[in-house]
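Structure first, then comments.
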Amino acid sequence: MAVGSFAGSIADSHMAVRNYIVPTDLSLDDLRSIFALTDEIIKDCQKFQDVCKSKVMASLFFEPSTRTKFSFDAAMYRLGGNVIGFADPNTTSQAKGESLADTTRIISGYADLITVRSPYEGAAKHMSMYSSVPIINAGDGGHEHPTQTLTDLMAIRHYKQTLDGHVIGICGDLKFGRTIHSLISALSRYPNNKFVFISPPELQLPDYVAHNIDQSMILRQTDSLINEIGNVDILYMSRVQKERFVSEAEYLRLRDYYILNAEKMKRAKKDMVVMHPLPRLNEISAEVDSDERAIYFEQARYGMYVRMALIMNLLDLG
């Protein structure tokens, strides 16, 4: 192949790339297809064991992760693919001062797909401008975490049978909680959902998130969990994001602002479900784990399967 032809093929492939940076990068039809495929994978995972044979995923984690990194890596391996990458940016040329754009250009020449987690808002979007392969945002600072949202939607779909018509109480760190920002964006696309935002004044939902949804969907903003727990169909708890705080004293003051315990659960609806993106700290007492309405560990289990479906979708293998 001539050099010019090779360069042209790279440019053509870049034009055709589909990324998953924010929840709205997938249409509602895309989501239905991914959830249907996830159902198939859960039913018979072995059926998909060679789908990504000879495919390589680059796993670039500039920030610590357990569930997201492990579930992505496991997803690719279970599809028969391979994983390259790092969990410590100090072992890469980034530590030498290489730009993120150049890192992206190089790695996209080695892999068929890139997953990236970064402490910096907009990092995944920036990388998508220089990549010739799909970029999946595995969390960018306090901005978005769209694959956690796929996990959350899959869990809601399973336990509530539908993704519309719910009152969703979202409690905790609404300011820095990227899983929360993505979930609100996603659930606001389904009819008749309503939100109750529960946070201390210092950690209220950013305006750019609140203003991007239909204002009629916001029932109220409050700092009282005890007054709202009986009104919601879904309670989405979150930890206070220590790594986003400049002031250690401010973090310590706010970290235990909400603690969900068995006593508070007595006020909740019998069919309410408690969700959490994990890791949890003190915001959900261990005594709640045995309550059948606590689904956060089952919620995490969906992560690997839905990421398998997402990988197949972005690589046009579904």
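The values are calculated or read from the model by the stated rules, or taken from the named source; none is laboratory data. Quantities reported herein were computed from a predicted structural model and do not represent experimental measurements. Ideal geometry is used to build each Cβ from the backbone, glycine not excepted, and the neighbour counts take in all protein chains shown. Side chains included, ligands, DNA and RNA excluded: accessible areas come from the protein's heavy atoms. Shrake-Rupley method; radii C 1.70, N 1.55, O 1.52, S 1.80 Å.
Quick grid of which residues meet (1) outside any strand (DSSP E or B); (2) open to solvent by less than 30 Å² (accessible area, probe 1.4 Å):
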| position | (1), (2) |
| --- | --- |
| Q46 | yes, no |
| L60 | no, yes |
| T104 | yes, yes |
| E121 | yes, no |
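Does the range 301-318 hold any residues that are aromatic (F, W, Y) and within 15 Å of Y77 (Cβ to Cβ), and which are they?
Result: Y305, single match.
Give just the number: which of (1) acidic (D, E); (2) at pLDDT 95 or above; (3) open to solvent by 60 Å² or more (accessible area, probe 1.4 Å) does E298 not satisfy?
Tallying (1) acidic (D, E); (2) at pLDDT 95 or above; (3) open to solvent by 60 Å² or more (accessible area, probe 1.4 Å), E298 fails exactly one: (2).
Being crowded, with 16+ Cβ neighbours inside 10 Å and part of a helix (DSSP H, G or I) is the filter here; which residues of the range 197-216 pass it?
Matches in the range 197-216: L203, V209, A210.
Name the pairs whose Cβ atoms lie under 7 Å apart, with the first residue in the range 189-209 and of a type in the set (A, V, I, L, M), the second assigned to a helix (DSSP H, G or I), and 6 or more positions between them or separate chains?
So the pair list comes out as V196/E228; V196/N231; I198/L225; I198/E228; L203/L254; V209/H181; V209/I184.
Given (1) assigned by TED's automatic domain parsing to the domain that holds F62; (2) polar (S, T, N, Q); (3) open to solvent by less than 20 Å² (accessible area, probe 1.4 Å); (4) more than 15 Å from the chain's Cα centre (by Cα), where does N137 come up short, assuming only one miss?
Status for N137: all satisfied but (4).
Filter the range 142-184 down to the residues that are open to solvent by 20 Å² or more (accessible area, probe 1.4 Å) and among the hydrophobic types (A, V, I, L, M, F, W, C), then identify the one that is nearest to G303 (Cα to Cα).
F176
I'm checking my understanding of the structure. Among residues of the range 75-105 that are modelled with pLDDT of 95 or more and among the aliphatic types (A, V, I, L, M), which one is farthest from E144 (Cα to Cα)?
If we take residues in the range 75-105 being modelled with pLDDT of 95 or more and among the aliphatic types (A, V, I, L, M), then L79 is farthest from E144 (Cα to Cα).
Collect the residues in the range 28-44 that are open to solvent by 90 Å² or more (accessible area, probe 1.4 Å) and either among the β-branched types (V, I, T) or closer than 24 Å to D164 by Cβ (or both), keeping them in residue-number order.
Of everything in the range 28-44, those that are open to solvent by 90 Å² or more (accessible area, probe 1.4 Å) and either among the β-branched types (V, I, T) or closer than 24 Å to D164 by Cβ (or both) turn out to be D29, R32.
Show the residue pairs that are 6+ apart or on different chains and have beta-carbon atoms under 8 Å apart, the first residue being within the range 16-28 and of a type in the set (G, A, S), the second being in a strand (DSSP E or B) and modelled with pLDDT of 95 or more.
none
Being under 20 Å from the mean Cα position of the chain (by Cα), open to solvent by less than 70 Å² (accessible area, probe 1.4 Å), closer than 30 Å to P206 by Cβ and of a type in the set (K, R) is true for just one of R67, R117. Which residue is that?
R117
Please specify each residue of the range 196-233 satisfying the condition of being closer than 18 Å to E144 by Cα and not aliphatic (A, V, I, L, M).
F197, Q204, P206, D207, Y208, H211, N212
Okay, residues lined up against (1) modelled with pLDDT of 95 or more; (2) under 23 Å from the mean Cα position of the chain (by Cα):
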{"position": "K175", "(1), (2)": "no, yes"}
{"position": "F197", "(1), (2)": "yes, yes"}
{"position": "P201", "(1), (2)": "no, no"}
{"position": "T222", "(1), (2)": "yes, no"}
{"position": "L235", "(1), (2)": "yes, yes"}
{"position": "K242", "(1), (2)": "no, yes"}
{"position": "A262", "(1), (2)": "yes, no"}
